[in-house]
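Quick notes on the structure that follows.
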Amino acid sequence: MSDVHIVGAGPAGSLSAISALEKGHEVVISEDHPESGYPKNCSGLFSKDGLSSLSIDYKKHIINPIYGANIYFVDQKLEIRKKQPVGFVCNRSKIDRSLAETAERLGAKINYNEKIKDSFHSKTIIGADGPLSAVARHFSFPKISAYAFTLQSFVDYQAEDPYIVEVFLSSRFKGFFGWIIPHNEDVAEFGVGSLNNVQGAWKALLDIKRISAPTPRGWTIPIAVRPRTSLAKNNYKVLLVGDAAGQVKSTTGGGVIFGGHCAKIAGRTLSPLLYELEWRTQFGIDLKIHQVIQNYLAGQSDAGIQALGRRLKKLNCDEFLSGFGHMDRPTKMLGPEMVAHVIRNLGV
Ligand SMILES: Cc1cc2nc3c(=O)[nH]c(=O)nc-3n(C[C@H](O)[C@H](O)[C@H](O)COP(=O)(O)OP(=O)(O)OC[C@H]3O[C@@H](n4cnc5c(N)ncnc54)[C@H](O)[C@@H]3O)c2cc1C
């Protein structure tokens, strides 16, 4: 028996493994695919801050730098621009593989092609097995309350600015959004997510751009934190990390940065109590803010989303976000600059 059995060799699994190995623990990882990083269900867009804070060696995996976004609140457009890249589109498969290789180099044993259902290699288990976690099901964790259904495809597309992401908010992308992430001057990833009608959302995005696209691939994103992410029961200690725990930004579905940080805490502590306490203290508020915004937008009609866009423009929010926006952590935007901006723009 090893000290810890990690189920899943995605980013959360490998980062928790690296963290446990650095503490001197013996680690076995089970991965149901023949290699890490496949199939790829990710746009690969990560904040520069997030990648650096996780100490991921990402530079050799960059596909395209991103300098900002055009966010459409139906027909109201917010333009966010940074002078330096705020994020990077990366080759996600290569990042996953290089993290798994690092874990192996540090001493983890990875059993590829091993699908875990109900038998484990240790009494201490980290469930890093993604949005439909078998570990969570086996140990009867409370369910994640909301999922977005997504479709994505690569499209020949000449973006007006190949370093700017386009985001579409409207009731046609109920509870989520449509996106265009340029990879270069000629190709972009088109994607949509919706709580209820993902095919309708896909048609809506193609209608907006008056374009046709290859058949898209679908996947699921948890957009709520699991109410409980660890337990100690019948001599088992079980910690859920990453998508299995719902450690995902509900507004965008981005889960690698938050999930990765939480996974590192899990690997370092291997304690259900300390893990739950520490990750919720460090990241709980940010994840909650994303969830509140997502919930609010999900309840709006097109007229409500338009009105919100108008209000944000009136408050010059694009100017504020261009200066002080943070892709992951809304709490990083709270501060004197925000107060000064609001006072200036309300004419107080
Ligand atoms: C369309 C789309 C676009 C996205 N874009 C972004 C983005 O741009 N940026 C971002 O940060 N996030 C993005 N995400 C979210 C991101 O992909 C996830 O948050 C991330 O993959 C979670 O990592 P993880 O390690 O928790 O789970 P996963 O990456 O899902 O890894 C879980 C691993 O466990 C394995 N596994 C599952 N069950 C078992 C089992 N029973 N036994 C053994 N192995 C098992 C799987 O094969 C997999 O390798 C996107 C998601 C989607 C669907």
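Pairs of C-alpha atoms in segment 302-346 farther apart than 16 Å represent 41 percent of all such pairs.
Counting 0.36 nm for each residue step from Gln84 to Gln282 and taking away their Cα separation leaves a gain of 68.6 nm. If you take all other residues with their beta carbon under 14 Å from the beta carbon of Phe324, and give Lys and Arg +1 and Asp and Glu -1, the sum is +1. Computed over segment 99-190, the quotient of the alpha carbon radius of gyration and 2.2 N^0.38 Å is 1.60. Per q in 0.14, 0.15, 0.26 Å⁻¹, report the Debye log10 I(q)/I(0) for segment 257-348, using one uniform scatterer on each alpha carbon and no solvent. After summing over all Cα pairs, the log10 values are -0.69, -0.76, -1.29. Distance between the C-alpha centres of segment 114-131 and segment 309-341: 41 Å, rounded to the whole angstrom.
For Asp207 and Lys143, compute 0.36 nm times the residue count separating them, minus their Cα-Cα distance, and round to one decimal in nm. Separation in residues times 0.36 nm, less the Cα-Cα distance, equals 19.5 nm. Stretched out straight at 0.36 nm per residue, the stretch from Leu315 to Ile343 would grow longer than its current Cα-Cα span by 9.1 nm. Computed 3J(HN,Hα) for segment 326-332, one whole-Hz value per residue from the Karplus formula 6.51 cos²θ - 1.76 cosθ + 1.60 where θ = phi - 60°, is 10, 5, 10, 10, x, 5, 5, glycine and proline marked x. Return the inverse of the average 1/r over all pairs of distinct C-alpha atoms in segment 147-221, which is the Kirkwood hydrodynamic radius, in Å to one decimal. When all Cα pairs of segment 147-221 are included, the Kirkwood radius is 12.1 Å. Amide H contacts of Gly87: Lys48, Ile66, each under 5 Å away and 5 or more positions distant or on a separate chain (H built 1.01 Å from N in the peptide plane; Pro and chain starts excluded).
Over all pairs of different C-alpha atoms, segment 96-251 has a mean inverse distance whose reciprocal, the Kirkwood radius, equals 17.9 Å.
Under a 5 Å amide H cut-off, with hydrogens placed 1.01 Å from N, Ile29 pairs with Ile6, Lys109, Ile110, Asn111 among residues at least 5 apart or on other chains.
Within the listed set Ile110, Ile265, Ile293, the Gaussian network model of the chain (springs between alpha-carbon atoms below 10 Å) gives the highest mean-square fluctuation for Ile293. Amide H to amide H, with H built 1.01 Å from N, Phe177 comes under 5 Å of Gly193, counting only residues 5 or more places away or on other chains. Computed from backbone phi with θ = phi - 60° and the Karplus coefficients 6.51, -1.76 and 1.60, the 3J(HN,Hα) list for segment 295-306 is 4, 4, 5, 5, x, 9, 7, 4, 4, x, 5, 4 Hz; x is used for glycine and proline.
Computed from phi, the 3J(HN,Hα) profile of segment 55-62 under the Karplus parametrisation 6.51, -1.76, 1.60 (θ = phi - 60°) reads 6, 7, 7, 9, 4, 6, 10, 6 Hz, with x in place of Gly and Pro. Per-residue ellipticity at 222 nm, computed for the chain from helices alone with -39500 (n - 2.57) per DSSP H run of at least four residues, works out to -11000 deg cm²/dmol.
The Cβ shell under 12 Å around Trp179 holds other residues with a net charge of -1, Lys and Arg each +1, Asp and Glu each -1.
Annotation: peptides 339-346, 162-169, ranked by per-residue average of other Cβ atoms within 10 Å with the highest first, follow the order 162-169, 339-346. Dimensions of segment 177-245 along the principal axes, based on C-alpha atoms and rounded to the nearest Å, stand at 57, 28, 17, largest first. Summary of packing: across the peptides 7-13, 114-120, 281-287, the per-residue average of other C-beta atoms within 10 Å ranks them, highest first, as 7-13, 281-287, 114-120. The fraction of Cα-Cα pairs per 10 angstrom bin, counted from 0 for the chain, comes to 6, 25, 33, 23, 11, 2, 0 percent, rounded to whole percents. Restricting the calculation to Cα atoms, segment 191-299 shows an Rg/Rh of 1.10 when the hydrodynamic-style radius is the Kirkwood one.
Of the cross-linked pairs Lys60/Lys264; Lys77/Lys143; Lys143/Lys203; Lys23/Lys83; Lys115/Lys143, those separated by over 29 Å at the C-alpha level are Lys77/Lys143; Lys143/Lys203; Lys23/Lys83.
Throughout, read-outs are computed from the coordinates displayed, never taken from laboratory work. Here the structure is a predicted model, which is why all the values come from computation and not from measurement. Ideal geometry is used to build each Cβ from the backbone, glycine not excepted, and the neighbour counts take in all protein chains shown.
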